[in-house]
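Below is one structure, written out as structure tokens; comments come after it.
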Amino acid sequence: MKTDMFKEPVSILIGLGFPAEIRSVLDAYRHLCEWPAASRDIAHSIALKACGAALRGEIEAETVRGLFAAFAEKHDLLASDAEILLASHRRRDRDPHIR
């Protein structure tokens, strides 16, 4: 396993409520960098700094996972299992290639 990978992904809702899995420090870093500047707060700053520290090998990926999950929870981004399952069914219903 790569050292920046999370043991368990953090499932969040993006865009129009579509679920996405944040599986690594780099995924979390990318998501945090795309976060609107006007909405950035202390939770964002802490999670972003933790990503940088993990990418430099200064802290563990699981530390970043916890901080990113706290950021996501604060901003009501965490996806429930039911939301993930529902989105999966919606995708399958719309895409004729998925059975």
**Q.** Neighbour cut-off at most 15 other Cβ (10 Å), DSSP loop, trypsin sites (Lys or Arg not before Pro), region 1-33
**A.** LYS2
Q: Return the distance in nm (one decimal) between the two label points of a simple spin-label model at ASP76 and LYS7, each offset 7 Å from Cα along Cα→Cβ.
A: 3.1
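Readers should treat all values here as calculations from the given coordinates under stated rules, not as data from a laboratory. Fair warning: this is a prediction, and the values are worked out from it, not measured in the lab. Virtual Cβ from ideal backbone geometry, glycine too; neighbours counted across all protein chains shown.
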